[in-house]
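Engineer: Once you've had a glance at the structure underneath, I'll fire off some questions.
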Amino acid sequence: MPSAPPSVLDLAPVVPVAVVEDAAVAVPLARALVAGGLPAIEVTLRTPAALDAIRAIAVEVPDAVVGAGTVISAAGVSEAVSSGARFLVSPGWTAGLLDAMKASGVPFLPGVSTTSEVVALLERGVAEMKFFPAEAAGGVPYLMSLSGPLPQARFCPTGGISLDSAPSYLALPNVGCVGGTWMLPADALAARDWGRVESLAREAAGLRTRG
């Protein structure tokens, strides 16, 4: 029997969240992130180029663990996995979406922002989830409050997190990693400055030992 895939929460302290407008940048972008120590890359399904970007990274950057973010439908689950996504992330969840993610065969992080949503997922046997939008939904104090009554739930907070605020999240016992975009600044992507992306990724990858 094949072993279970590793948890997305344990791959790296930070999961870069990439909004790829041009699939041609996907491979150099992924190579820069991996070289900087961030192998798990979430490509959001917000652009027409997203599936092509996932496909290119899956084929050409074997050291990357590419996933699909902003998954909001069963069709999106199917398209993402068919394109090579190795994990799925949603901003929220419904019963139908959760069933599709469970049936996909890849790890997934359904999104939550309330205690009731967390309890509902635990009731469905899901203990790893995305906390979104993290800063707007209560941030570090909220997650700290959840760790007492619901210690079995683990989170990847995403939404408004920066290099400065990430260590506070990573110090929490119920946080496995954080998601963020700060290592992918728009000006660096526009200039194809992959050296800068790699440097920012390396700084982010060091947060676990620093925090």
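Since every read-out is calculated from the coordinates, none of them should be taken as a lab result. All of these numbers come straight from a predicted model, not from anything done at the bench. Here the Cβ is made from the backbone with ideal geometry for all residues, glycine too, and neighbour counts use every protein chain on show.
Engineer: Hey, could you check the range 176-203 for residues that are in contact with a Cys (Cβ under 9 Å, 6 or more places away or on another chain) and assigned to a loop (DSSP other than H, G, I, E, B) and say which is nearest to A18 (Cα to Cα)?
Structural biologist: Of everything passing the filter in the range 176-203, C177 is nearest to A18 (Cα to Cα).
Engineer: Which one of the conditions (1) on the phi > 0 side of the Ramachandran plot; (2) free of Cβ contacts under 8 Å to residues at least 60 places away in the same chain does P48 fail to meet, given that it meets all the rest?
Structural biologist: Against the list (1) on the phi > 0 side of the Ramachandran plot; (2) free of Cβ contacts under 8 Å to residues at least 60 places away in the same chain, P48 comes up short only on (1).
Engineer: A follow-up question, please. Hey, can you tell me all the residues within the range 115-136 that are part of a strand (DSSP E or B) and not hydrophobic (A, V, I, L, M, F, W, C)?
Structural biologist: E128, K130
Engineer: So, in the range 1-50, exactly how many residues are of a type in the set (A, V, I, L, M) and farther than 17 Å from V197 by Cβ?
Structural biologist: 8
Engineer: Taking E21 as meeting all but one of (1) assigned to a helix (DSSP H, G or I); (2) surrounded by fewer than 21 Cβ atoms within 10 Å (Cβ to Cβ); (3) touching a residue at least 24 places away in the same chain (Cβ under 8 Å), write down the number of the exception.
Structural biologist: With (1) assigned to a helix (DSSP H, G or I); (2) surrounded by fewer than 21 Cβ atoms within 10 Å (Cβ to Cβ); (3) touching a residue at least 24 places away in the same chain (Cβ under 8 Å) applied to E21, the lone miss is (1).
Engineer: Select from the range 102-125 the residues that are under 19 Å from F87 (Cα atoms) and under 16 Å from the mean Cα position of the chain (by Cα) and write down the one among them that is surrounded by the most Cβ atoms within 10 Å (Cβ to Cβ).
Structural biologist: Out of the qualifying residues, it is L109.
Engineer: Is it the case, given these coordinates, that Y142 is among the hydroxyl-bearing types (S, T, Y), surrounded by 19 or more Cβ atoms within 10 Å (Cβ to Cβ) and at negative phi?
Structural biologist: Judged against the criteria, Y142 is not a match.
Engineer: Looking for something part of a loop (DSSP other than H, G, I, E, B), buried (at least 23 other Cβ atoms within 10 Å of the Cβ) and of a type outside the set (S, T, Y) - is there at least one such residue anywhere in the range 73-81?
Structural biologist: No, that holds for no residue.
Engineer: Kindly establish whether S147 is within 30 Å of G37 (Cβ to Cβ), of a type outside the set (D, E, K, R) and over 18 Å from the mean Cα position of the chain (by Cα).
Structural biologist: Yes: the conditions hold for S147.
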